[in-house]
Each structure stands twice: as C-alpha cells, then as structure tokens.
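The values are calculated or read from the model by the stated rules, or taken from the named source; none is laboratory data. Because the structure is a prediction, the values reported are computed rather than measured. Counting neighbours? That spans all protein chains shown, and the Cβs are built from the backbone with ideal geometry, glycine included.
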Protein chains: 2
Amino acid sequence: MKLLEDRILKDGNILGDNILKVDSFLTHQVDFKLMTEIGKVFAKTFESLGITKVVTIEASGIAPALYVAQELDVPMIFAKKHKNITMTEGILTAEVYSFTKQVTSTVSIASKFLSQNDKVLIIDDFLANGQAAKGLIDIINQAGASVEGVGIVIEKSFQDGRSLLENSGVKVTSLARIKNFENGSLNFLEADA
Amino acid sequence: MKLLEDRILKDGNILGDNILKVDSFLTHQVDFKLMTEIGKVFAKTFESLGITKVVTIEASGIAPALYVAQELDVPMIFAKKHKNITMTEGILTAEVYSFTKQVTSTVSIASKFLSQNDKVLIIDDFLANGQAAKGLIDIINQAGASVEGVGIVIEKSFQDGRSLLENSGVKVTSLARIKNFENGSLNFLEADA
C-alpha cells in the first residue's frame, strides 16, 4: 500500500536497530483518514470470504480493525490483555509474550462473541514474532470458528511471525513489509496489497 | 441520545449493584454504526469550539473517540496506560486509579502531540469517579493546551465524577446518564445530547 509506505518513510521514526515508531499516525496519535484507506484495502482483499467478525487485540489494533469492520459491515471485537472484574464468565484465553513490552499477557475474548459459524478476519497493527496473532488464532479455534485470514498494517519481514502464521495454514496480507533497517532508514519488500 | 439509551436497555447487562456491562457494542465487541452516530452527536455538540485534537485513554475510549475525531476532522490521541520501551522521551504523565480494575496506572501522552495552541476535546466510554478524565486534564494542562470539554458515552450519575470535573471548570456532555440501578434494571437521568 503505497500511501502507507510513503507515510512510514515520512513520519516513522527508527529507534536502534529494529524498532519503528509510528506513533504520529497509528499507535498513539491516529490519523482516521489513513485508517479509512487501510480499511478499504483490507476489505477489498478479504471481501469474497464471507467474513462475519473482525478480531484484533487492544490497543493499537483497534483503529485499523474498526475501519475494516466498517467496510465489511461486521462487528469488531478487541481481545483484552488485562483482567477486568466485569469479565467473569465464558472467557477464552491464550498466553501471549510481547517482545516489545517484555511481558507475558493473558489475552482473552468472551466466548459469547464467537461461534462455530463465524468466519474471522484478524487485523493487527504490527507483525513481528507473530505471538499476538498466534494467540488470537488459538482463541478463535477454541470457539470452533474459522480464521479466514490475517491482515497486518506493518510487517517486520526479517522476523519470523509471517512464516509462523503461514506454516499454521493462515493467509497473511501485509500492507507494508519491512525488509530491513539500514543506516537509520528502512527498505521495503513488495507489499501484499 | 435515545439510540444509545435504547441500546443500553436492550443489550446492556447489569452485574451486582452498580456495574453495567456494554461489552456487546462498546467495550469489547464494537458496533461501528453506533460509534458513527455517537461521533456525529459529539461533533455537533462541540463543533463551534475550534477543537484541534480529540484525546481519549486506551482501550475502550478509542472507538468512540476515533469517530468523533473523524467528524471534527482532527487527529485522535489515545493516552497509554502501560509503559512501552518505544516511549522513551518527552512523556507527560498522570497517576490514575481505576476502581473497576483496582489498580493505579501511570497514564501518559507523548508531549510532541500537544501544544499550547491545542484545543482539546476529551472523549471516554464511561464516567464514574472521574479519575481517568482528571488524569487526562492534568496531562493536557501540563502541555499548556486547553480542555474545551469532556464527552462521555455513559455516565454513572450516582458517582461523583461529573461534579469533580465540573468543579474544575470543565463542561461535561454525557450521551447516557444512569441515575441508579434498581431490581436488575436501571433508570436514566435526562442526557446532555
């Protein structure tokens, strides 16, 4: 997605060897116009699959997932990373290790929102090691629902998340694929959409 | 907002004496159509104030805040509740105690996203004790920006959050105001919009 790649080059900040900050338009401050375009591209990619639910994980996945859900005209569910006293019964969970935050979280979705008839599209802001998406796939499988695809805004293609997901039989569509970081800049692989 | 009140009565679940779960359309599964309408109502309420930024707090505030930002055609910023290794410099923080989650969090916004020229609208899903909104006001004031108003989707009017905010000089607009819970149901006060 050229609009996204251009925005990453313009407004992204590279920290150290392999951290890309996109906090001015995706992960902290959010540009709804870009989210709208992202929603359209993902919806076009997945529109033939009969998606019934879009699932993401709090918090940075919510904005792109919401606009994908809007374009596909289905509900969006965001998995919770933290326990809440109002979530008491019927919870599906998976353990997810975040390399960025260096903690293991119990990710959860209320079972009442997923059924075996659901065809689920997973949307997330970043794919690196694939642990978050893997946890969501685990939860969706527990519900007996099918995962029809994974849509990623920014993929760190030099990490093994994509192959982890593809090896489990899930199709991955990434709008920007970072091949590597080099001298404070970055190179892209050809994106999937 | 009658559409919202009707939805709360139809799909909300009351737990115990004072907990309302709206996880089927706002806090876990999200109905983008309702969010779109909520965005329109808040935008109409605040459109004359020259709002330059919408600020909320992760995670359940993101969806309504995003649609308000869309209607006002400004960026949305979601404050972070959790430390992240990519947030390193220039952070404005406030301590916020959550009665629901029973923990104190350090809420933060990168200072580069707020300036003294900003006129900020705070949007949040719930107002109960007002601690989250108070923390956001504190952060926005640290940046020298002005808080032009607080927009709340669901207010628990029997708790003291609204008076806390109004006593600090901030105008509060709530789309649904819960007067009390009674025999497993609830009563509304007249909403602000």
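Some points to look at:
- The criterion of at least 3 residues that are within 21 Å of A:GLY39 (Cβ to Cβ) is met, among strands (runs of 3 or more DSSP E) falling completely within the stretch A:99-193, by A:119-127, A:146-156, A:172-182.
- Inside the stretch B:87-98, residues that are part of a loop (DSSP other than H, G, I, E, B) and in contact with a helix residue (DSSP H, G or I) (Cβ under 9 Å, 6 or more places away or on another chain) make up a count of 2.
- Subset of the stretch B:56-75 [surrounded by fewer than 24 Cβ atoms within 10 Å (Cβ to Cβ) and in contact with a Leu (Cβ under 8 Å, 6 or more places away or on another chain)]: B:LEU72
- Put simply, of A:SER24, A:SER48 the only residue that is without any contact (Cβ under 8 Å) to a residue 24 or more places away in the chain, of a type in the set (Ser, Thr, Tyr) and over 17 Å from B:ILE57 (Cα atoms) is A:SER48.
- Only one of B:ALA132, B:ALA128 that is buried (at least 17 other Cβ atoms within 10 Å of the Cβ), under 29 Å from A:THR104 (Cα atoms) and more than 9 Å from chain A (Cβ to nearest Cβ): B:ALA132
- Here A:GLU58 passes the criteria (1) within 10 Å of chain B (Cβ to nearest Cβ); (2) under 25 Å from B:ASP73 (Cβ atoms); (3) charged (D, E, K, R) except the one numbered (2).
- Check on A:LYS21, surrounded by fewer than 21 Cβ atoms within 10 Å (Cβ to Cβ), at the interface with chain B (Cβ under 9 Å from one of its Cβ atoms) and under 21 Å from B:LYS80 (Cβ atoms): yes
- Residues that are surrounded by fewer than 22 Cβ atoms within 10 Å (Cβ to Cβ) and within 19 Å of A:LEU26 (Cβ to Cβ), drawn from the stretch A:102-125: A:ASP125
- Residue among B:GLU71, B:GLU37 that alone is closer than 17 Å to A:TYR67 by Cα, touching a residue at least 24 places away in the same chain (Cβ under 8 Å) and more than 11 Å from chain A (Cβ to nearest Cβ): B:GLU37
- In this structure, B:ALA65 does not qualify as in contact with a Pro (Cβ under 8 Å, 6 or more places away or on another chain), of a type in the set (Gly, Ala, Ser) and within 10 Å of chain A (Cβ to nearest Cβ).
- Scanning the stretch A:82-90 finds no residues that are within 20 Å of A:THR27 (Cα to Cα) and β-branched (Val, Ile, Thr).
- Any chance A:LEU186 is buried (at least 22 other Cβ atoms within 10 Å of the Cβ) and either in contact with a Gly (Cβ under 9 Å, 6 or more places away or on another chain) or closer than 24 Å to A:LEU20 by Cβ (or both): no
- The listed residues are B:GLN159, B:GLN116, B:GLN102, and the only one of them that is more than 14 Å from chain A (Cβ to nearest Cβ) and out of contact with any Leu (no Cβ under 9 Å at 6 or more places or on another chain) turns out to be B:GLN116.
- Considering only residues in the stretch A:148-161 that are within 13 Å of the chain's Cα centre (by Cα) and closer than 20 Å to A:ALA43 by Cα, the one that is surrounded by the fewest Cβ atoms within 10 Å (Cβ to Cβ) turns out to be A:GLY149.
- Identification of strands (runs of 3 or more DSSP E) wholly contained in the stretch A:1-77 with 1 or more residues that are at pLDDT below 95 yields A:13-15, A:19-21.
- Being among the β-branched types (Val, Ile, Thr) and in contact (Cβ under 8 Å) with a residue 40 or more places away in the chain is a property that holds for A:ILE178.
Okay, residues lined up against (1) surrounded by 17 or more Cβ atoms within 10 Å (Cβ to Cβ); (2) closer than 20 Å to A:ALA79 by Cα; (3) more than 9 Å from chain A (Cβ to nearest Cβ):
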site: B:GLY50; (1), (2), (3): no, no, yes
site: B:VAL54; (1), (2), (3): yes, no, yes
site: B:ILE77; (1), (2), (3): yes, no, no
site: B:LYS80; (1), (2), (3): yes, yes, no
site: B:ILE91; (1), (2), (3): no, no, yes
site: B:TYR97; (1), (2), (3): no, no, yes
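- Of A:ALA191, A:ALA94, all but one fail to be among the small types (Gly, Ala, Ser), within 27 Å of A:GLU71 (Cα to Cα) and in contact with a strand residue (DSSP E or B) (Cβ under 6 Å, 6 or more places away or on another chain); the exception is A:ALA191.
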